[in-house]
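All remarks here apply to the structure that follows.
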There are 2 protein chains.
Amino acid sequence: MRVIVLGGDGYLGWPTAMHFSKQGHEVMIVDNLAKRYWEAEVGVEPLVHIRSLQGRVKCWYAETGKNIDFHIFDISDNHRYLYRVFEGFKPDTIIHYAEQPSAPFSMADRGKCVETQRNNVLGTLNVLFAMRYSCPEAHIVKLGTMGEYGTPNIDIEEGWLDIEHNGRKDRMLFPKKPGSFYHLSKVHDSHNLEFACRIWGVRVTDLNQGVVYGIDTDDTLRHPELITSFHYDAVFGTVLNRFVVQAVVGEALSVFGSGKQTRGYLNIRDTLSCVELAAKNPAEPGEFRVFNQFTEQFSVQQLADRVKAIGDRRGFNVEIDHIENPRVEMEDHYYNAKHSKLMDLGLEPHLLTDEVIEGMMDVVSRHKDRVYRDLLLPDIQWRVPSPSRD
Amino acid sequence: MRVIVLGGDGYLGWPTAMHFSKQGHEVMIVDNLAKRYWEAEVGVEPLVHIRSLQGRVKCWYAETGKNIDFHIFDISDNHRYLYRVFEGFKPDTIIHYAEQPSAPFSMADRGKCVETQRNNVLGTLNVLFAMRYSCPEAHIVKLGTMGEYGTPNIDIEEGWLDIEHNGRKDRMLFPKKPGSFYHLSKVHDSHNLEFACRIWGVRVTDLNQGVVYGIDTDDTLRHPELITSFHYDAVFGTVLNRFVVQAVVGEALSVFGSGKQTRGYLNIRDTLSCVELAAKNPAEPGEFRVFNQFTEQFSVQQLADRVKAIGDRRGFNVEIDHIENPRVEMEDHYYNAKHSKLMDLGLEPHLLTDEVIEGMMDVVSRHKDRVYRDLLLPDIQWRVPSPSRD
């Protein structure tokens, strides 16, 4: 398979590129390194230092003898380059991670909100047009988010919903009520992608992914220069990753509000399996296929309790703080999201065992000197955008 | 009332500005004149020459003694100016028409698709942030479109839908399945606006407007320099306006496909009444209110038959051509869209009587020398974007 990974320098993109390369697929990375800039813009950095993309690719070649070609440019801004790359590489699968991935970042101020929707929505439009022109048979595997759905009072289906109303029926896109300008950008993408399937007959799989946790994959463990970017900060760090770091460094776990907020979660290893299953079982021409990509549901409180129990056993003496919720979200809500389609394709989940959390604690413990405690608590408020006019 | 009209140089924006000014409201126009550029870009022009915005405003003052202040700048690109204008003017009502309004334009090629979503989506985000900062109590009256819904097999409600699924219930945004990148931009706007209501408690009325027809309002008739831009071309011209022009100049009415496509329609005079009703009865703080803004449903064939019957009576000898549908849309479909909320507020519709069509024919007949026949038929194909890589 010829696989192009847009956003291949990121937390999920880099392990994905290695995962496909290892199996003998031709892999190309496109990335504009925007994430490294956004980190600098909000003053955070990954727990462990990340080599340059150039260095990672060299290390991968030294380790495996396999080459990953790459191009550094902005797909949202330089569409001509994108058309040319697609024409030259002729990908079978386009894995599209090239988006601003943080909800708090998108809520910080007007500039970051607009930059998130500009980058994500217009970038995806460019991918669609370039594909239509250069490789219309390719299959787009697009990373969406479970956060597109919000927390409806009904079961969350996988993308589509059979609706009966006043005695008539239709199969419709599941109504979305997302919780940030970032999540909204993914909703906009989904609508644009579904339309492209309808008018051009292109193939799209939209992976509505839950919250990812984890540090290592088989490939990141091969060499220290192959690790992926693990964030514990309040802007780019996901909740379980942050709790593990807080436990290890002796800071209280910061639960937003009651902690009853429930979401779908998955191990970073399962992200790779899911993307691989989607790529190997492509959508049909004209099909807008949606998978809910997570393996287990937890409330934030449940995660905090798990981390505290394991941390206490290791002598960390973990405290749990309930801080004022910086987000606008329901804390007491129904949540039952379907996620059988990837299981039907053969996904074998890595569930959140105590060993998984202990393994994360081991890694964090080795790097605890690099944790900046001032980055752990949120300073972006959903209700109050920055008072600046920029 | 202090009313700001974003896009106040347009087909609907200019009559709206006059309509509020006439009643003694303080009116300010913001427009970047992009529509005049987009017309040039695709090589079309309104049936009757339109004066500059500066000239229109001078003429309005000469006619009525009322001043309409205006600022020419791009709200999608120059947010600092927008913040300053809102701060200085302190509008009670922000009427937002400042969007690229054509479905075919958005489907012409990658550049026009991206420009449509960039202008519309990012412009609306800037309006939200500027309002939140400078005049958070203001009421946004946003022009959406009935085309956001597509043609579902169930009744179309006004923005929200009560859904029952697996024995549980929720009130959700009505699922959208729009038919062009333009219509998609309005769907994205609606999602962004609903979210802003939720997190900031702002007031928004989203007017999902049907297809507008008509040339004159009471105010455009006061002076030839006060007319609004009437388009008959295949890019910016709406279907009834185009049929009337085709009938008058002896070209066959171009029905796309079977002509069974059914939509909601309204007279331009009712657009003004609806916007006025929305402005005078604002949404509550935090309320995302949606009105379906049309007065009658017609199929394209019904409109063609009406125009032919009236045209034939006047001796135009009208023919009807069924041309290959350049769009991707259902031609045989259920369509029943609710539209009672504006009626409940007191809307008295101007229905599509024979006299209305005859009145349009009178105006077009006076200007028939300015009709360029090569602009009447569509040359933008939904299924095939431009082969250019630009």
Q: Just flag the GluC sites (Glu not before Pro) in the stretch A:288-390 sitting in loop per DSSP whose Cβ has no more than 15 other Cβ atoms within 10 Å.
A: A:319, A:324
Q: List every residue whose amide H lies under 5 Å from the amide H of residue B:293, counting only residues 5 or more places away in sequence or on a different chain, with H placed 1.01 Å from N in the peptide plane.
A: B:208, B:209, B:210
Q) So which residue, out of A:318, A:328, A:364, gets the largest mean-square fluctuation from a GNM of chain A using Cα contacts under 10 Å as springs? A) A:328
Q | Too-long pairs where the Cα-Cα distance tops 26 Å, listed order kept, from A:35/A:58; B:169/B:280; A:66/A:90; B:186/B:338 | A | B:169/B:280
Q) Expressed as a whole number of Å, what is the distance separating the alpha-carbon centroids of the stretch A:258-281 and the stretch B:130-208? A) 29 Å
Q. What is the spin-label model distance, in nm, from residue B:322 to residue B:221 if the labels are put 7 Å beyond Cα along the C-beta direction?
A. 3.8 nm
Q. With each pseudo-label sitting 7 Å past Cα toward Cβ, what's the residue B:374-residue A:284 distance in nm, one decimal?
A. 4.4 nm
Q) Which of the GluC sites (Glu not before Pro) found in the stretch B:9-62 are in a DSSP loop and have at most 15 neighbouring Cβ atoms, other than their own, within 10 Å? A) none
Q) Hey, for residue B:370 with labels 7 Å out along Cα-Cβ, what do the inter-copy distances come to in nm, ordered shortest first? A) 6.8
(Q) If each residue of separation counts as 0.36 nm, what is the full-extension length gain between residue B:61 and residue B:260 once their alpha-carbon separation is subtracted? (A) 67.1 nm
Q. Build a GNM of chain A with springs between Cα atoms under 10 Å: which of A:24, A:257, A:150 gets the top mean-square fluctuation?
A. A:24
Q: Return the sequence-ordered ³J(HN,Hα) values of the stretch B:358-365 in whole Hz as given by the Karplus equation 6.51 cos²θ - 1.76 cosθ + 1.60 applied to θ = phi - 60°, using x for Gly and Pro.
A: 5, x, 5, 4, 4, 5, 4, 4
Q | Inter-part distance where the stretch A:227-241 and the stretch B:48-64 are each reduced to a Cα centre, Å | A | 58 Å
(Q) Let's test this: bin the Cα-Cα distances of the stretch A:9-76 at 10 Å from zero up to the farthest pair and state each bin's percent. (A) 19, 51, 26, 4
Q: For the stretch B:105-149, just say rounded, prolate or oblate: build the C-alpha gyration tensor, square-root its eigenvalues into a ≥ b ≥ c, call rounded for a/c under 1.5, and beyond that prolate if a/b exceeds b/c, oblate if not.
A: oblate
Q | Loop-located trypsin sites (Lys or Arg not before Pro) in the stretch B:314-382 whose Cβ has at most 13 other Cβ within 10 Å (DSSP) | A | B:338
Q: Apply 1/(1 + (r/R0)^6) to the Cβ-Cβ distance of residue B:351 and residue B:23, taking R0 = 30 Å, and write down the FRET efficiency to the nearest 0.05.
A: 0.80
Q) Measuring label to label, 7 Å along Cα→Cβ, what does residue B:62 give against each other copy in nm, shortest first? A) 7.9
**Q.** Cα shape, the stretch B:292-374, gyration tensor, a/c 1.5 rule
**A.** oblate
Q. Tell me, what ³J(HN,Hα) does each residue in the stretch A:292-308 have, in order and in whole Hz, if you take phi through Karplus 6.51 cos²θ - 1.76 cosθ + 1.60 with θ = phi - 60° and put x for Gly and Pro?
A. 8, 9, 7, 10, 8, 9, 9, 8, 4, 4, 4, 5, 4, 4, 4, 5, 5
Q.
Taking θ = phi - 60°, what integer Hz values does the Karplus form 6.51 cos²θ - 1.76 cosθ + 1.60 yield along the stretch A:176-185, in sequence order, with x for Gly and Pro?
A. 10, 9, x, x, 6, 5, 5, 4, 4, 4
Q) Which distances, in nm and shortest first, link the residue A:336 label point to the same label point in every other copy, taking 7 Å along Cα→Cβ? A) 3.0
Q: Indicate the gyration tensor shape class of the stretch B:84-191 (rounded, prolate or oblate), computed on the Cα atoms with a ≥ b ≥ c the square roots of the eigenvalues: a/c under 1.5 is rounded; otherwise a/b larger than b/c is prolate and the rest oblate.
A: oblate
Q.
Ignoring everything except DSSP H segments at least 4 long, calculate the 222 nm mean residue ellipticity for chain A; use -39,500 (n - 2.57) per segment, divide by total residues, nearest 500.
A. -11000 deg cm²/dmol
**Q.** Under 5 Å, built H, 5+ apart or other chain: amide partners of residue B:71
**A.** B:29, B:30, B:31
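FYI, it's all coordinate maths here, none of it is from the lab. In this text, all values refer to a predicted model and were calculated from it rather than measured experimentally. Note that each Cβ is placed from the backbone with ideal geometry, even for glycine, and that neighbours are counted across all protein chains shown.
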